[in-house]
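Here is the structure we will look at.
The values are calculated or read from the model by the stated rules, or taken from the named source; none is laboratory data. Small disclaimer: the values here were computed from a predicted structure and weren't measured. Glycine also receives a Cβ, built like all others from the backbone with ideal geometry; neighbour counts cover every protein chain displayed.
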Amino acid sequence: MNSLGAIIMAAGLGKRMRSKLGKVLHPVAGRPMVLYAVELAERLTDEGIAVVIGHQGDQVKAVLDTYAAGRQRSKSPRGSRPMAGREQGMTAHVKNPVSKAPSILTAEQTQQLGTGHAVMQARSAILRARGRAAGTYLILNGDTPLLTEATVQQLLSVHEEEKAAVTILTAMLDDPAGYGRVIRAHTAGEPRQVLKIVEDRDTTVSEAAVQEINVGTYVVNGAFLFQALDHLQPKNVQQEYYLTDIVKLAVEQGLGVSAMVVTDADEGLGVNSRRQLAMAERVIRERIRARWMEAGVTLHDPATVWIDADAHIGQDTVLYPHVTLEGDTSLGQDCVIRSHTRLANSTVGNGVVILDSCVITDSHLEDRASIGPFAHLRPGSVIRRNAKVGNFVEMKKAELGEGAKANHLSYLGDARIGKDVNIGAGTITCNYDGYHKFETVIEDEVFIGSDTQLVAPVKVGRGSIIAAGTTITQDVPPNSLAISRTVQANRVGWASKRRAWLAGGEPDERQEASSQRQVVSEGKGNAQTKASAQPRAPRPAPLASKIKRPPKAGGK
Ligand code: UD1
Ligand code: CA
């Protein structure tokens, strides 16, 4: 085929969505709807793509820019991965693998006066940018995300073989309501010539009964298209310029019009409503799951696993029920992800195990890391090789070094933690003073005892030990012990005396006095009271309660 350009219509608000968000920005499997058409067009054209934007055009443009930038960045290996919902394998029509994709031009349609009017804006932008029409145009609705590359390739072949001026994709639907109907000649024998497309709201009763609908995918001769647009008239119920009227114009000019009926009618789904959005989502997600299973990923209960279009999963990785992989998430090989875990925009190496109910966002996990259950890795968490994050650990902008462990109940924020560090249960980085955030640095091989607070900014030097219960407020030199604790007092016999008193005995004044004498010692270990130390008498029962309660049981 001579030069092929593409035009994507994406300027409408989509009133039937009843949304503040422009229709083509609504995500399908985590990717804005318009990108399905863009990606498909990119794989087929060599003359560039013009996207007609209007409603929330800035946002649509931002989506296109981000997409183009990502495509530049990821030529491999992500660029070579199977595409969401698209057939693999290049055929004769594929002029541009995605890595050498053509530029994306945007054409602004300030007033949405119909699909024909949208293509007029594309024409102006193309003429400004290139000075001429491409030989042929592929024109796509921005709201048809289920369309596959294989189908469009077939359509291009039909167009070429039949030397048509216009070739349209059609579908046979039990319920054609809402779509443009394909009106064919009443001649006997097949195939009957396509005469025109009549929009749902403009149909006569007999036309409305026609079950063949216009999918909204067109292949059009460039020269014909550019002149035909000048003949469109907004003479219809909606008073819009309909692109579909180019079919009738071609017939009137004695030019060939071809049509191809899509095999799987699902592909023709146009998303106009939330219900249709949900249908598109279901089909795309089903395709994505099938694709990853074919690629060697185990899904124990496929229907409950949610994998976004831009996610990537390595071979022999196992996903348990109710796992969600969102956005630009990539999992390596041989990983195990247990139930109710959600990963968003994160990269995960090989052999990583993530137990149940973890939330992991914008994070990076290296090979053989182990996470969860119930871990929360917020943006900027980096877990190096063989490191372990256990239950009820929250991390944010924090790096846990190779082989390091934070096994229980911790908050690690704005922290750099070195190799083989042990973070004891209940360790908290106090990174925020109410106004600003500060960093905690913990060098290699440090041992942080349980219930330590690290008041940032602070640095713990390599190989140091922090005693349990310590509040670190100053830097700790390497290979040191840091300890900050209140002095411990043991009153030997105090508890039994109290129990006796509560059982009916009288407080003993002498004991009260002698219990003040006590032996104290610092730190762990040697705190021993002398045998003579006596327990302090219990305070009187609170006024509200005159009833003696039995003593509470000791520690659990
Ligand atoms: C359109 C077709 C209809 C077909 C159906 C398939 C026309 C006139 N009708 O109807 O025959 O059966 O798609 O799904 O083409 N758009 C613009 N600017 C506009 C109007 C629309 O860019 O001024 C864009 C929309 O953002 C959307 C696409 O064009 O992506 C289709 O518009 P929509 O209003 O959804 O057309 P339908 O009524 O579905
Ligand atoms: Ca539509």
Residue that is small (G, A, S), modelled with pLDDT of 95 or more and away from ligand 2 (no atom under 15 Å from the Cβ), where the choices are A11, A37, A29: A29
Qualifying positions in segment 277-312 - in contact (Cβ under 8 Å) with a residue 40 or more places away in the chain and within 16 Å of ligand 1 (Cβ to nearest atom): L277, A280, V283
Residue that is farthest from ligand 1 (Cβ to nearest atom) [pool: residues in segment 211-228 that are assigned to a helix (DSSP H, G or I) and surrounded by fewer than 23 Cβ atoms within 10 Å (Cβ to Cβ)]: A223
Selection count where residues are of a type in the set (S, T, Y) and crowded, with 20+ Cβ neighbours inside 10 Å, scope segment 296-329: 4
Complete set of residues in segment 133-157 that are out of contact with any Phe, Trp or Tyr (no Cβ under 9 Å at 6 or more places or on another chain) and more than 23 Å from V210 (Cα to Cα): A134, G135, T136, T148, E149, A150, V152, Q153, Q154, L156, S157
Residue that is nearest to E286 (Cα to Cα) [pool: residues in segment 126-147 that are crowded, with 18+ Cβ neighbours inside 10 Å and away from ligand 2 (no atom under 16 Å from the Cβ)]: L138
Residue identified as in contact with a Lys or Arg (Cβ under 8 Å, 6 or more places away or on another chain) and modelled with pLDDT of 95 or more among G426, G449, G461, G469: G469
Filter result for D266 (free of Cβ contacts under 8 Å to residues at least 40 places away in the same chain, within 16 Å of ligand 2 (Cβ to nearest atom) and within 29 Å of M17 (Cβ to Cβ)): no
Scope segment 298-316; condition not in a strand (DSSP E or B) and not acidic (D, E); matching residues: H300, P302, A303, T304, V305, A309, A311, G314, Q315
Given (1) part of a loop (DSSP other than H, G, I, E, B); (2) over 20 Å from T151 (Cβ atoms); (3) modelled with pLDDT of 95 or more, index of the condition L243 fails: (2)
Single residue of A129, A188 found to be assigned to a loop (DSSP other than H, G, I, E, B) and of a type in the set (G, A, S): A188
Counted residues, segment 254-263 - those being at positive phi and in contact (Cβ under 8 Å) with a residue 24 or more places away in the chain: 0
Scan of segment 251-276 for residues that are of a type outside the set (K, R), more than 9 Å from ligand 1 (Cβ to nearest atom), surrounded by 13 or more Cβ atoms within 10 Å (Cβ to Cβ) and not in a loop (DSSP other than H, G, I, E, B), ordered by number: V251, V257, S258, A259, M260, V261, A265, D266, E267, Q276
Test set (1) part of a helix (DSSP H, G or I); (2) within 30 Å of K20 (Cβ to Cβ) - K248 fails condition number: (2)
Check on K405, over 19 Å from T361 (Cβ atoms) and at pLDDT 95 or above: yes
Hits in segment 106-116 - residues which are near ligand 1 (Cβ under 9 Å from one of its atoms) and either part of a loop (DSSP other than H, G, I, E, B) or out of contact with any strand residue (DSSP E or B) (no Cβ under 9 Å at 6 or more places or on another chain) (or both): Q109, Q111, Q112, L113, G114, G116
Selection within segment 132-157 - more than 16 Å from ligand 1 (Cβ to nearest atom) and in a loop (DSSP other than H, G, I, E, B): R132, A133, A134, G135
Only one of L35, L40, L44, L25 that is away from ligand 1 (no atom under 15 Å from the Cβ) and buried (at least 19 other Cβ atoms within 10 Å of the Cβ): L44
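Residue-by-condition table, conditions (1) at pLDDT 95 or above; (2) surrounded by 16 or more Cβ atoms within 10 Å (Cβ to Cβ); (3) away from ligand 1 (no atom under 15 Å from the Cβ):
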site	(1), (2), (3)
H159	yes, yes, yes
E162	yes, no, yes
R181	yes, yes, no
T203	yes, yes, no
